[in-house]
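S.K.: Quick one: the structure is below, and I'll ask about it shortly.
The values are calculated or read from the model by the stated rules, or taken from the named source; none is laboratory data. Only a predicted model underlies this, so the values are computations on that prediction, with no experimental measurement involved. Neighbour counts are summed over all protein chains in view; Cβ atoms, including those assigned to glycine, are modelled from backbone coordinates with ideal geometry. Surface accessibility is based on the protein's heavy atoms, side chains included, excluding ligands, DNA and RNA. Shrake-Rupley method; radii C 1.70, N 1.55, O 1.52, S 1.80 Å.
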Amino acid sequence: MIETARLILRPWRDSDLLPFSEQNADPVVMRLLGGALSRDESDAYARRAEAHLAAHGFCKWAVEAPGVAPFVGAVGLSYVRFEASFTPAVEVAWRLHRTYWGRGYATEAARAAIDDGFGRVGLKAIVAMTVPDNHASLRVMERLDMTRSIEFDHPNYATGHRLCRHVLYRLP
Ligand SMILES: CC(C)(COP(=O)(O)OP(=O)(O)OC[C@H]1O[C@@H](n2cnc3c(N)ncnc32)[C@H](O)[C@@H]1OP(=O)(O)O)[C@@H](O)C(=O)NCCC(=O)NCCS
């Protein structure tokens, strides 16, 4: 468990699955992430995070905002699940329920996950990626002092798909 001024990054609970599925069914949240997820797809994401935590000691955590909500989204670190010129690599990623955008939660949680990755976990580098249109996510990367690196075609999308081209950021 990782604590920040306003947030707790913690392992997943079954009670997170419903609010997480609502977030993942929101077309605005998912517009630049390949579209809305079904309940099963959403649950599978959380289960993958749990398995990643068991295997590696870190994951995309469930994020709680004490006094505000028991679950506001998912933020944390995981091994990149595809092959590219920069893999193997650990990425930091964030995805918040729309109610909790605009409060600095993504940046605050990501900063804590990164510190944990470089500290307790002993990682040497952390990347982040998004599509060039995802201005909110790019702003988070810049607030985290990540450095813009390469552009690449994400192998999960066909060449020419609107989400194929990605930007990579990295730390240090
Ligand atoms: C990406 C995403 C997490 C960013 O959320 P966000 O709310 O813009 O980012 P933060 O939580 O860091 O909040 C920063 C914003 O809160 C504002 N803010 C308000 N109070 C704040 C506070 N106390 N501290 C810091 N920032 C605060 C900042 O001014 C900033 O707004 P701005 O970028 O318009 O200047 C969110 O848009 C999202 O979940 N998108 C859908 C999923 C997605 O695309 N994920 C990324 C995939 S790569």
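S.K.: Output the residue which, of all residues in segment 67-91 that are part of a loop (DSSP other than H, G, I, E, B) and either modelled with pLDDT under 95 or not small (Gly, Ala, Ser) (or both), is most open to solvent (accessible area, probe 1.4 Å). Quick ask: steps written out before the conclusion?
M.R.: Initially, segment 67-91 is screened for residues part of a loop (DSSP other than H, G, I, E, B), giving 67-68, 80-89.
Next, from what is left, pick out any that are either modelled with pLDDT under 95 or not small (Gly, Ala, Ser) (or both): 68, 80-83, 86-88.
On the way: 68: 75, 80: 21, 81: 180, 82: 31, 83: 165, 86: 26, 87: 34, 88: 123 Å².
Filtering segment 67-91 for residues that are part of a loop (DSSP other than H, G, I, E, B) and either modelled with pLDDT under 95 or not small (Gly, Ala, Ser) (or both), the one most open to solvent (accessible area, probe 1.4 Å) comes out as 81.
S.K.: Another question, then. Can you find a residue in segment 40-60 that is closer than 27 Å to residue 118 by Cα and at pLDDT below 95?
M.R.: No; the residues of segment 40-60 include none that is closer than 27 Å to residue 118 by Cα and at pLDDT below 95.
S.K.: Could you identify the single residue in 121, 127, 80 that is more than 15 Å from the ligand (Cβ to nearest atom) and in contact (Cβ under 8 Å) with a residue 24 or more places away in the chain? Can you show your working first?
M.R.: Details: 127 fails: more than 15 Å from the ligand (Cβ to nearest atom); 80 fails: more than 15 Å from the ligand (Cβ to nearest atom).
Testing whether each residue is more than 15 Å from the ligand (Cβ to nearest atom) and in contact (Cβ under 8 Å) with a residue 24 or more places away in the chain leaves just 121.
S.K.: Do we have residue 28 as loosely packed, with under 14 Cβ neighbours inside 10 Å, aliphatic (A, V, I, L, M) and within 14 Å of the ligand (Cβ to nearest atom) here? Don't jump to the end; show me each part of the working.
M.R.: Working: loosely packed, with under 14 Cβ neighbours inside 10 Å: yes; aliphatic (A, V, I, L, M): yes; within 14 Å of the ligand (Cβ to nearest atom): yes.
Yes, satisfied.
S.K.: Is it the case, given these coordinates, that residue 163 is crowded, with 18+ Cβ neighbours inside 10 Å, over 15 Å from the mean Cα position of the chain (by Cα) and outside any helix (DSSP H, G or I)? Quick ask: steps written out before the conclusion?
M.R.: Working: crowded, with 18+ Cβ neighbours inside 10 Å: yes; over 15 Å from the mean Cα position of the chain (by Cα): yes; outside any helix (DSSP H, G or I): yes.
Spelling it out, residue 163 is indeed crowded, with 18+ Cβ neighbours inside 10 Å, over 15 Å from the mean Cα position of the chain (by Cα) and outside any helix (DSSP H, G or I).
S.K.: When the residues of segment 56-66 are filtered to those that are more than 15 Å from the chain's Cα centre (by Cα) and either part of a loop (DSSP other than H, G, I, E, B) or of a type outside the set (A, V, I, L, M) (or both), which remaining residue is nearest to residue 99 (Cα to Cα)? If you could, list the steps in order and put the result at the bottom.
M.R.: Residues of segment 56-66 that are more than 15 Å from the chain's Cα centre (by Cα), as a first pass: 56-57, 65-66.
Those still in the list that are either part of a loop (DSSP other than H, G, I, E, B) or of a type outside the set (A, V, I, L, M) (or both) too: 56-57, 66.
Details: 56: 31, 57: 29, 66: 15 Å.
Selected residue: 66.
S.K.: Condition check: within 16 Å of the ligand (Cβ to nearest atom), among the aromatic types (Phe, Trp, Tyr) and either open to solvent by 10 Å² or more (accessible area, probe 1.4 Å) or touching an Asp or Glu at 6+ places or on another chain (Cβ under 8 Å) (or both). Does residue 58 satisfy that? First the steps, then the outcome.
M.R.: Values: within 16 Å of the ligand (Cβ to nearest atom): no; among the aromatic types (Phe, Trp, Tyr): yes; either open to solvent by 10 Å² or more (accessible area, probe 1.4 Å) or touching an Asp or Glu at 6+ places or on another chain (Cβ under 8 Å) (or both): yes.
No: the conditions fail for residue 58.
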